[in-house]
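The values are calculated or read from the model by the stated rules, or taken from the named source; none is laboratory data. Model, not experiment: these values are computed from the prediction. Cβ atoms come from the backbone with ideal geometry, glycine included; neighbour counts cover every protein chain shown. Areas reflect the complete protein model, heavy atoms only, side chains present, ligands, DNA and RNA absent. Shrake-Rupley method; radii C 1.70, N 1.55, O 1.52, S 1.80 Å.
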Amino acid sequence: MKVLFIGDVVGGPGRRGLAAAMPELRERHRPDLTIVNGENSAGGMGITEKTANALFEAGAGVITSGNHVYRHREAYDFLDRAERVVRPANYPHANPGRGHTVVEVGGKRVGVINLSGAVGLQVARSPFHEVDAILERIEADVVVVDFHAEVTSEKVAMGWHLDGKVAAVFGTHTHVPTADARVLPGSTAYISDVGMTGARTSVLGVKPEQALEALITQMPVRFETAEEDVWVMGAAVEVNERGLADSIEQVMVPARSSR
Ligand SMILES: [Fe+2]
Ligand SMILES: [Fe+2]
């Protein structure tokens, strides 16, 4: 089974870029399941029912998220209803949405778990304890994790924690891809950050001049989503019969609509 994971889709440019690139990605990787992080899909921050549906239309089978998931109030009810959209599992239990989901793919039950790092981000429970508790009760043949976290040390540690227990740990949140994609000794595919799906002429998806103004003046600045030079970033993992990984390949392609 092939799992394609796509990093944080930023705003309209990211959504359109993903839709444009998917035919090429489908042809090249032949994914049985595509998982897309949608936490920035609505206006660069947050997710709505409309942007989630655009990601599903582009080919997402499951949508993961992260710290921006609750940006748009009107999405809370949707998050409660949407069985294929997940938010970090280690948020307060009563928060809208679910922390993991199980979908059927080619006769296999694939569990997708979303976790938030505890370093530099606000969580209710340790991501390590949380994932252990979920793995004890989840009924799935294959499990993949989106670890939405700030620092590489915590992400690398999660990779080792889950090595041999899940098929893949995909890091998200920093929007900057790392060069450490590999299959760990216990056959878990790992990458610290897959990067984002958005404009490369940007600071993490935001127009560079606005991000710079904010950093230089230390004054509030309205951020707009950058549109130039959109790339799609992610990783593709081959999952074997044991529910573990045989390979991981980093994905970084310009979102051209015609080729
Ligand atoms: Fe993000
Ligand atoms: Fe994030």
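Can you tell me how much longer the chain between V176 and A124 gets when fully stretched, taken as 0.36 nm per residue apart minus their C-alpha distance, in nm with one decimal? Could you put the intermediate results ahead of the total?
Working: separation 52, 0.36 × 52 = 18.72 nm, distance 2.58 nm.
16.1 nm is the gain from fully extending V176 to A124.
Determine the shape class of segment 138-191: with a ≥ b ≥ c the square roots of the Cα gyration tensor eigenvalues, call it rounded for a/c under 1.5, and otherwise prolate if a/b is greater than b/c, oblate otherwise.
Working: a/c = 1.98, a/b = 1.53, b/c = 1.29.
Prolate, since a/c reaches 1.5 and a/b exceeds b/c.
Expressed as a whole percentage, what fraction of the accessible surface of the chain belongs to carbon and sulfur atoms when a 1.4 Å probe is rolled over the protein heavy atoms? Intermediate results must be reported in sequence, preceding the final value.
Working: 5540 of 11320 Å².
Ligands and nucleic acids excluded, carbon and sulfur give 49 percent.
Viscosity 1.306 mPa s, temperature 10 °C: Stokes-Einstein D of segment 81-165 from its Kirkwood Cα radius, in µm² per second? Spell out each step's value before the answer.
Numbers: Rh = 13.2 Å.
Translational D for this selection: 120 µm²/s.
When the chain is fully extended, how far beyond the present Cα-Cα distance does E213 get from A94, taking 0.36 nm per residue of separation?
Details: separation 119, 0.36 × 119 = 42.84 nm, distance 3.79 nm.
Residue separation times 0.36 nm, minus the Cα-Cα distance, leaves 39.1 nm.
Mind listing the phi-derived Karplus ³J(HN,Hα) values for segment 106-117, rounded to whole Hz, using 6.51, -1.76 and 1.60 with θ = phi - 60°, and x for any glycine or proline?
Rounded to whole hertz, the list is x, x, 10, 8, 9, x, 10, 10, 10, 10, 10, x.
With a bin width of 10 angstrom, please list the P(r) values of the chain as percents of all Cα-Cα pairs, from the 0 bin to the one holding the largest distance.
8, 34, 38, 17, 3, 0
Mind checking the per residue accessible area of segment 107-247 for me, 1.4 Å probe, whole number of Å²? Let's see the in-between values first.
On the way: 6260 Å² over 141 residues.
I get 44 Å² per residue for this part.
Test of understanding: what is the full-extension gain from E27 to E241, defined as 0.36 nm times their sequence separation minus their Cα-Cα distance? Before the final figure, lay out each step's value.
Details: separation 214, 0.36 × 214 = 77.04 nm, distance 2.26 nm.
That works out to 74.8 nm of additional length.
Each label point is 7 Å from the Cα along the Cα-to-Cβ direction; what then is the distance between the points at E224 and Y76, in nm?
That separation, rounded to one decimal, is 3.1 nm.
Taking H as built 1.01 Å from N, whose amide H comes closer than 5 Å to the amide H of G43, not counting residues under 5 places away?
Correct list: G11, G12.
Using a simple spin-label model with points 7 Å from Cα along the Cα→Cβ vector, what separation in nm is obtained for V253 and K50?
Using points 7 Å along Cα→Cβ, the separation is 2.8 nm.
Considering Cα pairs under 8 angstrom that are at least six residues apart, work out the relative contact order of the chain and quote it in whole percent.
Values: 686 pairs, mean separation 51.8, N = 259.
Taking the mean separation of contacting Cα pairs over the length of the chain, I get 20 percent.
Restricting everything to alpha-carbon atoms, can you work out Rg to Rh for segment 102-144 with a Kirkwood hydrodynamic radius? Working shown, then result.
Details: Rg = 12.3 Å, Rh = 11.5 Å.
Expressed as Rg/Rh, it is 1.08.
Using the Kirkwood radius over Cα pairs, work out the Stokes-Einstein diffusion coefficient for segment 27-176 at 37 °C and 0.692 mPa s, in µm²/s as a whole number.
Details: Rh = 15.4 Å.
D = 214 µm²/s.
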